[in-house]
């Protein structure tokens, strides 16, 4: 018996956004990715403790842009 499973492809974008600018990109992700079907999943907003841009050695807000 052959069974074909047809699951939607999953994507996991991980944008880094400065605090205070989160809502517009979050709305854009929701509006662009929403299919109104099972599998639409969720958007998580998680604080970054620290970050650094390797090429320029910028840190924190400057590294994110």
**OP:** Please identify the pairs in which a residue from segment 31-52 that is under 15 Å from residue 10 (Cα atoms) has its Cβ atom under 7 Å from the Cβ atom of a residue that is not in a loop (DSSP other than H, G, I, E, B), counting only partners at least 6 apart or on another chain.
**Re:** 40/33; 43/26; 43/29; 43/30
Original post:
What tally of residues in segment 22-40 results from selecting those that are exposed (fewer than 11 other Cβ atoms within 10 Å of the Cβ), under 14 Å from the mean Cα position of the chain (by Cα) and not in a helix (DSSP H, G or I)?
Top reply: 1
Subject >> Residue among 13, 47 that is loosely packed, with under 10 Cβ neighbours inside 10 Å, in contact with a helix residue (DSSP H, G or I) (Cβ under 8 Å, 6 or more places away or on another chain) and in a loop (DSSP other than H, G, I, E, B) >> reply: 13
Original post:
Within the set of pairs 6 or more residues apart or between chains, which connect a residue that is at negative phi and in contact (Cβ under 8 Å) with a residue 24 or more places away in the chain inside segment 12-28 to a residue that is surrounded by 11 or more Cβ atoms within 10 Å (Cβ to Cβ) and outside any helix (DSSP H, G or I) with Cβ atoms less than 8 Å apart?
Top reply: 16/48; 16/51
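Each value in this text was obtained by applying a stated rule to the coordinates, not by laboratory testing. Since the model is a prediction, treat every value here as computed from it, not as a measurement. Heads up, the Cβs are rebuilt from the backbone with ideal geometry, glycines too, and the neighbour counts pull from every protein chain shown.
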